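The values are calculated or read from the model by the stated rules, or taken from the named source; none is laboratory data. All figures in this text were calculated on a predicted structure; none of them were measured in a lab. Note: ideal-geometry Cβ built from the backbone for every residue, glycine included; neighbour counts use all protein chains shown.
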């Protein structure tokens, strides 16, 4: 019995599938026995478009011409294998093939040389043809017909249906990633209703997203040395939402490959195009950005191959694919699609954040309307103000000094700095007093010398005829947040008045004196720029004085307008705005406006990494790379898809690629996806190569079922929920997973499916189950990633000050899916339970059983907390035996028997209830779906 | 053979078809993989950040002669550097070298100089990567992109651990930070998770979650494990899944680790002479302590111990990363302990079948980097030539192979690339590097990827 070959639906590795051929003349099969020999030994030279010596062994007709059925001695194929002469013998320049191998070829030829399978065309590159389900007894649906037919061949039958509670647990974990609640266990819900309920739950999208995030190599950091944080959770939430609304898989694909290219793409569709932005980015100082981008492009082609095509396209980066009919050139054709996309970060507000931001904007608009509302009294007062702001006399300095050596030039009354631009400076202005009485001094700041045009006036100090003059108060037409004008006379040199944003406009500040100066002759005014901000020195300014008892002031551009007799409407408007911006009566409204603006500025809008097609209107192309090396540029390759799939592409851009992937005639996409869903429900995920449908992956052991399901998915308009329902409704799915020694012996990996699946839970589901049992789980859908407790010292990246800050409140108990994923230091318990680091596309998680897992479940504070919470829940039940029943049901979804209760009772008596609850969380059954 | 080579950390129990047996099923060929091994275990002292070969092992008189002269254009034209811009100036080493038998060693490494007769020095290492994370990943996994299993994982996968209470691949970290590529460096890649490097930490629990929570003493832990396993055993009888047996065994192992690991990590009881040899101080997080721990771990049969000491990235942008102030400090932190490790292993007869490897991820330029006009002396990343040393089982001791040109820029004799080094190390462990494979994503992967030549010149 070649049991190993008949992997039911999943694909086994070549290692398992290719047992050494057992010579049995009657049974030598070309596809099973001979083809692998040809592939391993001959195809490297004798296949593809340009075979050595024009001898092609991967073509049915050419191969047939090399053999004479029944007569090995006359067959060229055989003769070259046994030739004595090394110049004649094949494989050339290599030792002769082992006698046993040659014997297989001989027996095949002598047995008639039947070619029972496509030679040039591997099965997976042919469009699936819908087979008719076999007629058998005991089937609930067509899936069972295929399974039962296979079991009959093996002399087996389906196992009996699992108990109701086991099935409920299996369904809940499979479809929602969480165990059932006590209420759900108690409710006698109809099976189909349960299925519908679970598929409709928002938890379904979270559960399915887990699978997709591994494929998409989703993480919250960039990877490599600095491994800095990136914001990508909007894409993750898009995935959850897409699963929840059962976005058909074809559309799901199109939006993720090319959502940005869809006509009138919505924001969500553009966010979806972030699928391929989940690649890593190295931000080390010495990285060549072009090379780093190149590596991301290479990753995108490989990942597209694994996720949609079940193909190892990545193998063709450096050379033509060794086993599958992909040319190196075709790898670059695929890469060209992605090479034509720019990488972009966009604002990606959620509906909620967008709404909140709009409300803030509306508030602000309302306040601004208030500020500028028609008001007769104010309009009258404005006329007086327009006169008042002109009541200043400019000082005409006699001498101006720069301590740090800047050149200060004076034209009319305005001073301009040039030449040396020192980090810090202090100007001293010596000027005749200009007025008999002086109540205030005004500074017109007309520009700063910082590269951005800003300045920080640290201090203004005034002396009149050698005596210090005290400042009572100051006003400015505008002050930067955190840099109020009062800071210019607060005795602190490091704080001061600044004017950003916006920059490039004139501003004015007036400093009112404590007591008016009478009959002063000379004023000495020091402007100090000693703040920590280098070069934040005023570059142009003018000083003025007034005798007004209620001085008003405005910046230069406003005073210029106030002087005009004829004003345009625009000028009139600006004057009014300046007045309303200065008049004390409106100070309260202005304060509210400032607060609203601040709130808006601080409003965090989530971002997302997306694609944007280059707008040069050209066909996507890229450069071939000799042997795959980034620096070894070859000629230009146009975008295109590998010919081997036999499916022409309509169009040349990424959108065309996306549509090609999900074309109903595409031979692979549907097969790959149904196989993945099947694996999700049944798979032990070990040894099976669901990433490789190529010639090196093993033949599907029940190709009819695979093809039937693939065509069914398309018939059901790519509805994943619908297909999942079909599978879980089958008798095959509902079998008990209990296994006899005999059956285990015959089929250790359950490939024949004569029993139900028994599989350890994934890392995330283990933590989620424990939180659920403890009643701690917070079911909140989506949002930024969270930081549940983890020990100190896990994060320790060079050149990154980022630290793990434990989330407070509910975020500590969110579903594991939302845990912040740092690539170089992923959440420890997930890694221990075989989660990948998400640095690359992971098609399948391998599962191991290790003592580190035991230590985690016993001692990780997350599990200790969950155990204590579970104990507290149990303690609410008075009867001790019933208490254990509750705990057992919360963890394993079943009732314990008396012996099990006794074991736990004994422990609780000796070590307390926290210990007993801890035991429950550690049970194999608790971390297993069975 | 089977028992010797396939002992596993996780499956000493006689499970039928548990995880391990299944792994074996997939890798039946591995049982017969090991052939006449010269060494059984490896201690890899990874000097993360990349030490300067020109200031430590590869003296260049000509370079000193041309100190601060403009670099010949032929050397930097069309080259890609991490940071050097414009026409760089050559930088002779400020340090004198002395000959010790075959070796020429800088005065910065007096202890290493003393054990020169036990060393095999390769002055002709080359790599393809000139940024830290990719170069460290390459040096560990044979490929510059993250995702392949590291050398230690391959060893654990191929050869298992000889100690039932400890993992086969253990990592110890010291220095200013974790290494640049973080935990990716000891990733199992696509190999099963049990082959992941386990970090033994110098702060907190040596192994994550090793300590019981407050209020749970070892006898209480024993009672809970007994209850867990009693219930698991009952369930095993009912459902018949042998995976449960593996889980039962894993709890027993966890319990043993709770005792064995703290004992192992406690170096206080080592005699004074040992502390003097290594320069160790119990309770301190240091490279010296890690060297001593490494010896204790291999003594217990751990297959692969990897130490990381980060800080060798001596660009010369300030006094904290230059070759005048910082490099001597790094040498002082590591020289004595590294030499002590070799000496100690030799005294205990362990050096005969243990390999010690010392080196960084690439070399450093013969030119002064002078980033942004910095006045501090330092060197940029240099993939074309660097030095590593090895010691121990199966190696030709007391030889230096390879040479660089008179400025130390290019290798001119016996080039050894990263894959060659890996092939040679596997060979010393009795493993054919082309046969240690794992099928993933449709192809057979190996540590040496698609290349690797055994460096016969360094074999005994």
**Asked** Since residue B:93 meets every condition but one in (1) at pLDDT below 95; (2) outside any helix (DSSP H, G or I); (3) under 28 Å from the mean Cα position of the chain (by Cα), which condition does it not meet?
**Response** (1)
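Looking only at helices (runs of 4 or more DSSP H) that fall completely inside the stretch A:827-930, which ones have 2 or more residues that are under 30 Å from residue A:215 (Cβ atoms)? Walk me through it before giving the result.
Details: elements: A:828-832, A:851-859, A:861-875, A:880-892, A:898-911, A:913-922.
The helices (runs of 4 or more DSSP H) meeting that bar are A:828-832, A:851-859, A:861-875.
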**Request:** Name the single residue, out of those in the stretch A:278-299 being surrounded by 23 or more Cβ atoms within 10 Å (Cβ to Cβ) and under 14 Å from the mean Cα position of the chain (by Cα), that is farthest from the other protein chains (Cβ to nearest Cβ).
**Result:** A:278
**Asked** What single numbered condition from (1) buried (at least 24 other Cβ atoms within 10 Å of the Cβ); (2) closer than 22 Å to residue A:922 by Cα fails to hold for residue B:207?
**Response** (1)
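Here's the yes/no breakdown for (1) over 19 Å from residue A:850 (Cα atoms); (2) touching a residue at least 24 places away in the same chain (Cβ under 8 Å):
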{"residue": "B:239", "(1), (2)": "yes, no"}
{"residue": "B:245", "(1), (2)": "no, yes"}
{"residue": "B:253", "(1), (2)": "no, yes"}
{"residue": "B:269", "(1), (2)": "yes, no"}
{"residue": "B:276", "(1), (2)": "yes, no"}
{"residue": "B:279", "(1), (2)": "yes, yes"}
**Message:** Taking the conditions exactly as written (within 10 Å of another protein chain (Cβ to nearest Cβ), in a loop (DSSP other than H, G, I, E, B), at pLDDT below 95 and under 29 Å from residue A:607 (Cβ atoms)), does residue A:797 satisfy them or not?
**Reply:** yes
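Does residue A:608 count as within 28 Å of the chain's Cα centre (by Cα) and either part of a loop (DSSP other than H, G, I, E, B) or farther than 30 Å from residue A:362 by Cβ (or both)?
No, not satisfied.
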**Prompt:** Does any residue of the stretch A:738-752 turn out to be surrounded by 22 or more Cβ atoms within 10 Å (Cβ to Cβ), more than 11 Å from chain B (Cβ to nearest Cβ), in a loop (DSSP other than H, G, I, E, B) and over 31 Å from the mean Cα position of the chain (by Cα)?
**Reply:** yes
**Message:** Take the conditions at pLDDT below 85 and in contact with a helix residue (DSSP H, G or I) (Cβ under 6 Å, 6 or more places away or on another chain) and apply them to residue A:843. Does it pass?
**Reply:** yes
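Would you confirm, using the coordinates I've provided, whether residue A:438 is crowded, with 19+ Cβ neighbours inside 10 Å, under 59 Å from the mean Cα position of the chain (by Cα) and under 20 Å from residue A:547 (Cα atoms)? Let's see the steps before the verdict.
On the way: crowded, with 19+ Cβ neighbours inside 10 Å: yes; under 59 Å from the mean Cα position of the chain (by Cα): no; under 20 Å from residue A:547 (Cα atoms): yes.
Judged against the criteria, residue A:438 is not a match.
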**Enumeration of residues in the stretch B:220-264 that are more than 9 Å from chain A (Cβ to nearest Cβ) and farther than 23 Å from residue B:199 by Cβ** = B:222, B:229, B:233, B:237, B:245
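So which residues in the stretch A:700-737 are part of a loop (DSSP other than H, G, I, E, B) and within 14 Å of chain B (Cβ to nearest Cβ), if there are any at all? Steps first, please.
Start the filter on the stretch A:700-737 by keeping residues that are part of a loop (DSSP other than H, G, I, E, B), which leaves A:700-702, A:716-719, A:730-734, A:736-737.
Those that are part of a loop (DSSP other than H, G, I, E, B) and within 14 Å of chain B (Cβ to nearest Cβ): A:736, A:737.
Would you confirm whether any residue within the stretch A:778-790 is within 14 Å of chain B (Cβ to nearest Cβ) and either surrounded by 19 or more Cβ atoms within 10 Å (Cβ to Cβ) or touching a helix residue (DSSP H, G or I) at 6+ places or on another chain (Cβ under 9 Å) (or both)? Spell out how you get there, then give the answer.
Of the residues in the stretch A:778-790, the ones within 14 Å of chain B (Cβ to nearest Cβ) are A:789-790.
Going one step further and asking which of them are either surrounded by 19 or more Cβ atoms within 10 Å (Cβ to Cβ) or touching a helix residue (DSSP H, G or I) at 6+ places or on another chain (Cβ under 9 Å) (or both), we end up with A:789-790.
Checked against the condition, which is being within 14 Å of chain B (Cβ to nearest Cβ) and either surrounded by 19 or more Cβ atoms within 10 Å (Cβ to Cβ) or touching a helix residue (DSSP H, G or I) at 6+ places or on another chain (Cβ under 9 Å) (or both), the stretch A:778-790 yields at least one hit.
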**Message:** Let me spell it out: the conditions are (1) closer than 22 Å to residue A:238 by Cα; (2) away from chain B (no Cβ under 14 Å); (3) buried (at least 21 other Cβ atoms within 10 Å of the Cβ), and residue A:840 meets all of them except one. Which number is the exception?
**Reply:** (2)
**Asked** So, of the residues in the stretch B:379-406 that are in contact with a helix residue (DSSP H, G or I) (Cβ under 8 Å, 6 or more places away or on another chain) and not in a strand (DSSP E or B), which turns out to be nearest to the other protein chains (Cβ to nearest Cβ)?
**Response** B:383
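What about residue A:600, is it surrounded by fewer than 17 Cβ atoms within 10 Å (Cβ to Cβ), assigned to a helix (DSSP H, G or I) and in contact with a helix residue (DSSP H, G or I) (Cβ under 6 Å, 6 or more places away or on another chain)? Walk me through it before giving the result.
Working: surrounded by fewer than 17 Cβ atoms within 10 Å (Cβ to Cβ): yes; assigned to a helix (DSSP H, G or I): yes; in contact with a helix residue (DSSP H, G or I) (Cβ under 6 Å, 6 or more places away or on another chain): yes.
Here the answer is yes, as residue A:600 does meet what is asked.
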**Message:** Please verify whether residue B:174 is crowded, with 20+ Cβ neighbours inside 10 Å, within 8 Å of chain A (Cβ to nearest Cβ) and either modelled with pLDDT under 95 or not in a helix (DSSP H, G or I) (or both), treating the condition exactly as stated.
**Reply:** no
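Per-residue answers, yes or no, for (1) over 54 Å from the mean Cα position of the chain (by Cα); (2) part of a strand (DSSP E or B); (3) without any contact (Cβ under 8 Å) to a residue 40 or more places away in the chain:
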residue	(1), (2), (3)
A:473	no, yes, yes
A:504	no, no, no
A:509	no, yes, no
A:512	yes, yes, no
A:531	no, no, no
**Asked** Of the residues A:662, A:672, which is under 25 Å from the mean Cα position of the chain (by Cα) and at pLDDT 95 or above?
**Response** A:662
**Request:** Scan the stretch A:813-837 for residues that are touching a helix residue (DSSP H, G or I) at 6+ places or on another chain (Cβ under 6 Å) and more than 29 Å from residue B:257 (Cα to Cα) and report the count.
**Result:** 3
**Asked** Failed condition for residue B:438, given (1) within 14 Å of chain A (Cβ to nearest Cβ); (2) in contact (Cβ under 8 Å) with a residue 24 or more places away in the chain; (3) buried (at least 16 other Cβ atoms within 10 Å of the Cβ); (4) within 21 Å of the chain's Cα centre (by Cα), with all others met?
**Response** (4)
